[in-house]
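Visitor: I have a structure here, written as C-alpha cells, and I will follow up with some questions on it.
The values are calculated or read from the model by the stated rules, or taken from the named source; none is laboratory data. Keep in mind it's a predicted model, so treat the numbers as computed, not measured. Cβ atoms come from the backbone with ideal geometry, glycine included; neighbour counts cover every protein chain shown. The protein model used for the area step is the full one, side chains on, heavy atoms only, and it has no ligands, DNA or RNA in it. Shrake-Rupley method; radii C 1.70, N 1.55, O 1.52, S 1.80 Å.
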Amino acid sequence: MSVLRLVLGDQLDREISALDGIDEAADTVLMAEVADEATYVRHHKQKIAFVFAAMRHFAGELEDAGLAVRYQRLDDRKRATSLKDAVRAALNATGASSVIVTEPGEWRLLRDMEGWEKELGVSVEIREDTRFFCSRAAFERHAEGRKTLRMEYFYREMRKRTGLLMDGDEPVGGSWNFDAENRKPLPADIAVPDLPASKPDEITQEVLDLVAERFADHFGDLDGFAWPVTRRSALIALDRFVTERLPDFGDYQDAMAAGAPFLFHAALSPLINAGLLRPMEVCERAEQAYRDGHAPLNAVEGFIRQILGWREFIRGVYWLKGPDYGRENALDATRDLPWFYWSGETDMACLADVVDVTRRHAYAHHIQRLMVAGNFALLAGVDPRQVQEWFLVVYADAYEWVELPNVHGMALFADGGVFASKPYAASGSYIDRMSDYCSGCRYDVRKRDGEDACPFNYLYWDFVARNSKHLRSNRRMAMIYKSLERMDGDKVQAMRASAKRFLDRLET
Ligand SMILES: Cc1cc2nc3c(=O)[nH]c(=O)nc-3n(C[C@H](O)[C@H](O)[C@H](O)COP(=O)(O)OP(=O)(O)OC[C@H]3O[C@@H](n4cnc5c(N)ncnc54)[C@H](O)[C@@H]3O)c2cc1C
Ligand code: SF4
C-alpha cells in the first residue's frame, strides 16, 4: 500500500517526521505551491520567493536521492488552490491509500488538516514536528501549575536537558545568562562584515520572475534577493556567521544603525524556520566556537539563549494558549495601523529606516522589530490584530507560531502579560542610546512636548497615563507611575496634548 507523504514549505528537512520510514519504492512525496497559502495574507514578495525557491530545490534533492516527488508549481496549468485539493488530486493520481504529514506551524492549518480524514476518505496521520528541542507536551508539563511563564526558568531547564553550555550540572562560566553584557551601542568606527551573497541560480531566478509577475502588488522589493535557498548554502551562511559575526553578536545584540539591519546578527531565522538548518546544529556550532576560543561566552550564551530559550519558549506559548490567543486586547488598543508602516513615509527617522530595510530585505533585527516598530504600535495604541498581520506579512521568517506571541505578547502586551512581566515600552532616549537614528531625524529626542519633540517621548508618557487602570498595579511599573506623579502637572498636560495632536494627524 502506498502512502502520500506531504511536506509543507517550512518543513524542508530530510529528517522531517513525515518522511520517517518512507518506502522509496512505493510512496510518493507531495509538495505544492498553492495560492491559498501564498495569499491568505499578502506576504512580502521575498518571503514567497524564498519559500518557493527553497521548496523547488528541496524537491530536486529528494528526487536526486531516489524518491518519487509530485510537485505542484503555482503556475501549473492544472493546479489545486488549497493544500487539501492538492492532496486529493495526488491521491487520485497515485492511488495512495493514506497520507502522512508533519503538524503545521499554525492552528488554522492544523484545524483544516484534522478534518481531512473525513473529507478525503483516507487515513491521515499528523505527526509531531520533532525539529524542536521541546515538544508541545513537554512545554505543557513545564507550564503546569505555574502562575506565570518566564523564559528564563524554561531556558535553564532546556540547558540542563540538552547539556548545551553546561559543565556537568552547572552552567559554563558560572552564570546562566550574560545579558547585562550585551547592551553596548555600536562604536562609530566598527567594521561590520557583509552577509554572504549568493547569486540566484536558474531555479531561483524562475521563481523570482514568477513572484514579480503574480505578486506585483504585494509589499516589498525583490531586487537584491539574497536568501540562501538550499541546505548547502544555508550551511555556508551558518559557517560565515559563526566565524565572522558571532564573536561580536553579544556586545552589539541590541544596537541599531541606519541602513544596516544585519550588523552582527545571524540572519538565519528564515533558514531555521523553513527547515534548511536544524536548531541543534546551529547551537552546537556556536558552542564549539566558544570552546575553541573563537567567540566569547557572552556572545555564545546570548545566541544560544535566543534559539534554545526564546524560540522554543515562544512556540510553547503559541500552542499552549490555543487558537484564540491573539484575540485578547488587554490594553484596549483600537487605532488603525498608520499608513507609514507600508509606505515608510514618516519624518521619524527610526521608523522610516525600519520600514525601508524591511521592504528591501524582508528582515529587521529583533530590537528594530521590538523597540521601534513594535514599541511605536504599543505606545500609539494600534489594534493588535492589525499589528499581527503586518508582522506576519513583512518578514521572511514569519510563521504564526513564532510571529504571534512575539507581537501579541512581547511587543504589544495585548495578552495582559502571559510571559512579559511588563510592557516593552520606551521613550526616544532608549532609541537614541542604542542607535544613530536620532542624529539624522527632524525631531529632537531631548524634547518632550511641542512640534519638534520626539514623538516617542510624549507618546510614552501618554501611554503610561492612558493605561493607568491596566498597569498601575504591576509592581514593575511602580517606579514609572511614581515618576509620572512627581512630574509637573502642566508638563504632563503639554505632553498629552502633543500626543493627541500627533495621533489625530496619523494617516491610516
Ligand atoms: C515583534 C516581533 C516579531 C517577531 N516575529 C518573528 C517571526 O515572525 N519569526 C521569527 O523567526 N522571529 C520573529 N521574531 C524574533 C526575532 O526578532 C527574529 O527571530 C530575529 O530577528 C531573526 O533574525 P536573526 O536570525 O538575525 O536573529 P538573531 O538575533 O541572530 O538570533 C538568532 C536566532 O534566535 C532565534 N530568535 C531570537 N529571538 C527570538 C524570538 N523572540 N522568538 C523566536 N526566535 C528567536 C531566531 O531563530 C534567530 O535566528 C520577532 C520578534 C519581535 C519582537
Ligand atoms: S528623535 Fe525620536 S523619532 Fe526621531 S529617530 Fe530618534 S527616537 Fe526616532
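Visitor: Using the Cα centre of the chain as the reference point, and only Cβ charges (+1 on K/R, -1 on D/E), how large is the resulting charge dipole? Debye, rounded to the nearest 20.
Guide: Values: 66 positive and 81 negative charges, 346 e Å.
Approximately 1660 debye in magnitude.
Visitor: Over region 1-84, what is the mean sequence separation of C-alpha contacts under 8 Å (at least six apart), divided by residue count, expressed as relative contact order in percent?
Guide: On the way: 93 pairs, mean separation 32.4, N = 84.
RCO, region 1-84: 39 percent.
Visitor: Continuing with the same structure: Compute the relative contact order of region 136-321 as a whole-number percentage, counting only Cα pairs closer than 8 Å that sit 6 or more residues apart in sequence.
Guide: Details: 176 pairs, mean separation 62.8, N = 186.
Relative contact order comes out at 34 percent.
Visitor: Using a 1.4 Å probe on the protein heavy atoms, what percent of the accessible area of region 3-127 belongs to carbon and sulfur?
Guide: C and S fraction of accessible area: 43 percent.
Visitor: While we're looking at this one, here's another question. How about Lys500: which lysines have a C-alpha closer than 26 Å to its C-alpha, ignoring those fewer than 8 places off in the same chain?
Guide: Here the lysines satisfying the reach criterion relative to Lys500 are Lys422, Lys447, Lys469, Lys482, Lys491.
Visitor: For Asp353, what accessible area in Å² do you get when you roll a 1.4 Å probe over the heavy atoms of the protein chains, rounding to the nearest 10?
Guide: Accessible area, nearest 10 Å²: 20 Å².
Visitor: Return the whole-Å distance between the Cα centroid of region 170-231 and the Cα centroid of region 65-112.
Guide: Taking the Cα centre of each part, region 170-231 and region 65-112 sit 30 Å apart.
Visitor: Another one. Read phi for every residue in region 117-130 and hand back ³J(HN,Hα) as whole Hz from Karplus 6.51 cos²θ - 1.76 cosθ + 1.60, θ = phi - 60°, with x for Gly and Pro.
Guide: 3, 5, 6, 9, x, 10, 6, 10, 9, 9, 8, 5, 8, 8
Visitor: Sort 29-35, 406-412 by packing, meaning the average of other beta carbons within 10 Å per residue, with the highest value first. Please list the in-between numbers first.
Guide: Values: 29-35: 21.9, 406-412: 25.3.
Ranking, from highest mean packing down: 406-412, 29-35.
Visitor: Per-residue accessible area for Lys447 at 1.4 Å probe radius, Å² rounded to 10?
Guide: Ignoring ligands and nucleic acids, Lys447 comes out at about 90 Å².
Visitor: Given just the C-alpha atoms of region 98-197, how large is their convex hull per residue in cubic angstrom?
Guide: Working: hull volume 24.6 nm³, N = 100.
Hull volume over Cα atoms, normalised by residue count, gives 246 Å³.
Visitor: On to the next question. Under a Cβ-only charge scheme (Lys and Arg +1, Asp and Glu -1), can you give me the dipole magnitude of region 340-504 about the Cα centre, in debye to the nearest 20?
Guide: On the way: 21 positive and 21 negative charges, 156 e Å.
Dipole of region 340-504, to the nearest 20 debye: 740 debye.
Visitor: Here's another thing I want to ask about it. Loop only by DSSP, 13 or fewer other Cβ within 10 Å of the Cβ. Give me the GluC sites (Glu not before Pro) in region 371-476 that pass, ordered by residue number.
Guide: On the way: sites: Glu389, Glu400, Glu403, Glu451; in loops: Glu451.
Passing both the DSSP loop test and the Cβ count: Glu451.
Visitor: Okay, moving on. For the chain, what is the relative contact order in percent, using Cα pairs closer than 8 Å and at least 6 residues apart in sequence?
Guide: Working: 793 pairs, mean separation 80.9, N = 508.
Computed value for the chain: 16 percent relative contact order.
Visitor: To continue, here is another question. Using 0.36 nm per residue, how much length does the chain from Glu15 to Ile190 gain when fully extended, once their Cα-Cα distance is taken away?
Guide: Values: separation 175, 0.36 × 175 = 63.00 nm, distance 4.01 nm.
Residue separation times 0.36 nm, minus the Cα-Cα distance, leaves 59.0 nm.
Visitor: Still on this model: Averaged per residue, what accessible surface does the chain expose to a 1.4 Å probe, in Å²?
Guide: Working: 21370 Å² over 508 residues.
In whole numbers, the chain has 42 Å² accessible per residue.
Visitor: Using the Karplus equation 6.51 cos²θ - 1.76 cosθ + 1.60 (θ = phi - 60°), what ³J(HN,Hα) coupling, rounded to whole Hz, does each residue of region 489-499 give in order, writing x for Gly and Pro?
Guide: x, 5, 5, 4, 4, 5, 5, 5, 5, 4, 4
Visitor: Cα gyration tensor of region 340-504, axes a ≥ b ≥ c as square roots of the eigenvalues: rounded (a/c below 1.5), prolate (a/b > b/c) or oblate?
Guide: On the way: a/c = 2.01, a/b = 1.23, b/c = 1.64.
Oblate shape, in that a/c is at least 1.5 and b/c is the bigger or equal ratio.
Visitor: Can you give me the Cα centroid spacing of region 451-503 and region 346-394 in angstrom?
Guide: Spelled out, the Cα-based centre of one part sits 22 Å from the other.
Visitor: If you place +1 on the Cβ of every Lys and Arg and -1 on the Cβ of every Asp and Glu, how big does the dipole about the Cα centre of region 1-140 come out, in debye to the nearest 20?
Guide: Values: 19 positive and 26 negative charges, 132 e Å.
Using Cβ point charges on Lys, Arg, Asp and Glu, region 1-140 gives about 640 debye.
Visitor: Using a 1.4 Å probe over the heavy atoms of the protein chains, calculate the carbon and sulfur portion of the accessible area of region 136-321 as a whole percent. The partial results should precede the final answer.
Guide: On the way: 3950 of 8220 Å².
Its accessible area is 48 percent carbon and sulfur atoms.
Visitor: Whenever you get a sec, compute what percent of the accessible area on region 340-504 sits on carbon and sulfur atoms (1.4 Å probe).
Guide: Numbers: 2920 of 6230 Å².
The nonpolar share, carbon plus sulfur, comes to 47 percent.
Visitor: Which of the three applies to region 3-127, rounded, prolate or oblate, going by the alpha-carbon gyration tensor with a ≥ b ≥ c and a/c under 1.5 meaning rounded? Each step should come with its number before you reach the end.
Guide: Numbers: a/c = 1.45, a/b = 1.14, b/c = 1.26.
Rounded, since a/c falls under 1.5.
Visitor: How about Lys45: which lysines have a C-alpha closer than 29 Å to its C-alpha, ignoring those fewer than 8 places off in the same chain?
Guide: Those lysines meeting the cut-off are Lys78, Lys84, Lys199.
Visitor: Apply the Kirkwood formula to the chain: the hydrodynamic radius equals the inverse of the mean of 1/r over all pairs of different alpha-carbon atoms; give it in Å with one decimal. Please report the intermediate quantities before stating the final value.
Guide: Details: mean 1/r = 0.0413 Å⁻¹.
Radius from the Kirkwood sum: 24.2 Å.
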